[in-house]
Amino acid sequence: MADSQTELKNKAIGLSSPAFEAFCDDISGMFGIEMKCAQKEAAVYTIKEVSQKFKKLAAVTNVHSEGVLKGNFHIVFDQAGLFTLGGIIIMLPRQRIIDSVKRGTAADAEGLFDTIKESGNLLVGSWDRIFREEMQGHGHFLQSNTYIGNPWDNPQQKLGLAQTEQFSFVSYQISIDGYSPFMCGVIFPEAIFASPPQTPQVHESKSEDKEPTEIENTEQETTLA
């Protein structure tokens, strides 16, 4: 990986913490709760390794990025996270939320789809604000889609990632007063750190005897799997 790509990768990983913190602050202010996050680790993982942390049921916000980070990355919440956040946003009684965390099914989680999608919009907005302020060349983050279920059984279709593909994974523990902590994390595929194509520089000839030469620049598009 080129130095510029390594710097971009380190910068993105470093901004993950303030981005999650901004999201926690936004949720805290909206719903009158105390929500905090703490980074656990940042490492290179595969789908199999991440699936062992999140088990089967998870909520995934797929984010499309434009700018120096170009492509898609994924923010994942575990089962406790999706039921806790979903329940708080639709203002369910505290005990009902706790019961859902312990005994909630995939069908119960699907019932929270619209709520999780809306929380994903808030999440992406928080991340976009931090990256816009702190990362030079950042364009825009947009929630491309939301998935609730088991993303690990067919990651190519659901995440655009191969089973054996390596990626950067940064995990966090989120705590909300009155509820059990839950886990979330961000998956950065390596392709998102690829350097953008460079536009060749055209040097005009100073010779008056030669006719100007037209040079055609072809932009290369990078397509993610």
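One table, with the values for the structure above:
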quantity: Subset tally (residues that are out of contact with any Asp or Glu (no Cβ under 9 Å at 6 or more places or on another chain) and either among the polar types (S, T, N, Q) or open to solvent by less than 50 Å² (accessible area, probe 1.4 Å) (or both)) for the stretch 104-123; calculated: 9
quantity: Sole exception among (1) in contact with an Asp or Glu (Cβ under 9 Å, 6 or more places away or on another chain); (2) of a type outside the set (S, T, N, Q); (3) buried (at least 18 other Cβ atoms within 10 Å of the Cβ); (4) in a loop (DSSP other than H, G, I, E, B) for Lys56, by number; calculated: (3)
quantity: Filtered residues of the stretch 126-159 (kept if closer than 21 Å to Asn10 by Cα and open to solvent by less than 60 Å² (accessible area, probe 1.4 Å)); calculated: Ser126, Trp127, Asp128, Ile130, Phe131, Met135, Gly137, His138, Gly139, Phe141
quantity: Among the residues listed as Ser100, Ser16, Ser51, the single one being of a type in the set (S, T, N, Q), in a helix (DSSP H, G or I) and in contact with a strand residue (DSSP E or B) (Cβ under 6 Å, 6 or more places away or on another chain); calculated: Ser16
quantity: Val50 vs. criteria open to solvent by 50 Å² or more (accessible area, probe 1.4 Å), β-branched (Val, Ile, Thr) and touching a residue at least 60 places away in the same chain (Cβ under 8 Å); calculated: no
quantity: Residues of the stretch 26-47 classified as in contact with a strand residue (DSSP E or B) (Cβ under 8 Å, 6 or more places away or on another chain), in contact (Cβ under 8 Å) with a residue 24 or more places away in the chain and either part of a strand (DSSP E or B) or under 14 Å from Leu123 (Cβ atoms) (or both), total; calculated: 12
quantity: Residue within the stretch 114-137 that is assigned to a loop (DSSP other than H, G, I, E, B) and among the hydroxyl-bearing types (Ser, Thr, Tyr) present; calculated: no
quantity: Index of the failed condition, Phe83 passing every other in (1) open to solvent by less than 60 Å² (accessible area, probe 1.4 Å); (2) without any contact (Cβ under 8 Å) to a residue 40 or more places away in the chain; (3) within 20 Å of Arg129 (Cβ to Cβ); calculated: (3)
quantity: One residue from Glu7, Glu34, Glu21 being farther than 19 Å from Ile130 by Cβ and either surrounded by fewer than 18 Cβ atoms within 10 Å (Cβ to Cβ) or within 15 Å of the chain's Cα centre (by Cα) (or both); calculated: Glu34
quantity: Residue pairs meeting the criteria (Cβ under 8 Å; at least 6 apart or on separate chains; first touching a residue at least 12 places away in the same chain (Cβ under 8 Å) and among the hydrophobic types (A, V, I, L, M, F, W, C), in the stretch 167-190; second open to solvent by 10 Å² or more (accessible area, probe 1.4 Å) and in a loop (DSSP other than H, G, I, E, B)); calculated: Phe167/Thr46; Ile174/Pro181; Ile176/Ile33; Ile176/Glu34
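The values are calculated or read from the model by the stated rules, or taken from the named source; none is laboratory data. Note that the structure is predicted; figures quoted are calculated from it, not measured. Heads up, the Cβs are rebuilt from the backbone with ideal geometry, glycines too, and the neighbour counts pull from every protein chain shown. Keep in mind that these areas ignore ligands, DNA and RNA; they rest on the heavy atoms of the full protein, side chains included. Shrake-Rupley method; radii C 1.70, N 1.55, O 1.52, S 1.80 Å.
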